[in-house]
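Trainee: Below: one structure in structure tokens.
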Amino acid sequence: MTVRGPGGAPPGPLTSIRHLVLQAPAPVIARMRGYHDDTTAQLAAEAGGTWRHYAPGDHSW
């Protein structure tokens with residue numbers, strides 16, 4: 001899937017981050033990209049992300 005910005009132009013940094021926070025939890029994206037957790041959480045909320053109840057950590061048994 002190729003993400004494009006307005007008019008088919010390549011996406012800017014915020015467009016890319018908004019796309020990423022729809023694919024994975026905001027804290028994971030924040031650490032991966034060097035952003036603050038609050039920033040990616042806000043972008044996820046604006047983008048309609050559904051990872052609000054993600055519980056980070058080792059969940060293996």
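The values are calculated or read from the model by the stated rules, or taken from the named source; none is laboratory data. This structure is a prediction, so every number in the text was calculated from the model and none was measured. Just the protein is used for accessible areas: all its heavy atoms, side chains included, with ligands, DNA and RNA removed. Shrake-Rupley method; radii C 1.70, N 1.55, O 1.52, S 1.80 Å.
Trainee: Can you work out ³J(HN,Hα) from phi for every residue in region 14-22, in order, using Karplus 6.51 cos²θ - 1.76 cosθ + 1.60 and θ = phi - 60°, giving whole Hz and x for Gly and Pro?
Mentor: 5, 4, 5, 5, 4, 5, 5, 6, 7
Trainee: What length, rounded to one decimal in nm, is gained on full extension from Leu14 through to Ser60, with 0.36 nm per residue of separation minus their alpha-carbon distance?
Mentor: This chain segment gains 13.2 nm when fully extended.
Trainee: Next question, about the same structure. In terms of solvent-accessible area of protein heavy atoms at a 1.4 angstrom probe, what is the ranking of Val28, Val21, highest value first?
Mentor: Solvent-accessible surface, decreasing: Val28, Val21.
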